[in-house]
Amino acid sequence: MRHARFTLGQVHVDDTELPVLQADLLVVRRDETDDLDWELVATSPPTTAFEPAPCRLVMAVLEDGRLLQGDALVVRSDERRHVFRGAGALAGLRDSDGLDADR
């Protein structure tokens, strides 16, 4: 199993920017599958909660500004804490992230 963790500086849920105080994206590649598992956990100032539903995430990595994008599901969301589970591919990853299927 290989994993990568990204600290995010900006998150958009569909077309709505989620103001973040802290946002971490964890991406895991398990040896038994070619699919990636990924989850975003974010903390925001008080804001409107997202309803449990499919959404599109666009996330800017704090370290280098690159964009990571993918479809996800809202697992849990209240005025401050938000959890999203990846529901497919995650675009924007690089070989240097160490998640290649053939490693």
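Throughout, read-outs are computed from the coordinates displayed, never taken from laboratory work. Treat the numbers as computed from the prediction; the structure is a model and nothing was measured. Every residue, glycine as well, gets a Cβ built from its backbone with ideal geometry; the counts of neighbours run over all protein chains shown.
Couple of notes before you dig in:
- Virtual spin-label span in nm between ARG76 and ASP31, 7 Å along Cα→Cβ: 3.1
- Comparing GLU79, GLU32, GLU63 in a Gaussian network model of the chain (Cα springs below 10 Å), the most mobile by mean-square fluctuation is GLU32.
- Structure-derived semi-axes √(5λ) of the Cα gyration tensor in Å - corresponding label in [x] 24, 14, 11; [y] 65, 36, 17; [z] 30, 13, 10: [x]
- From most to least packed by mean Cβ count within 10 Å, the peptides 91-99, 10-18 give 10-18, 91-99.
- Inter-site label distance for ALA49 and ARG66 at 7 Å from Cα along Cβ, in nm: 3.5
- Net charge of the neighbourhood of LEU68, taken over other residues with C-beta under 13 Å away and scored Lys/Arg +1, Asp/Glu -1, is -2.
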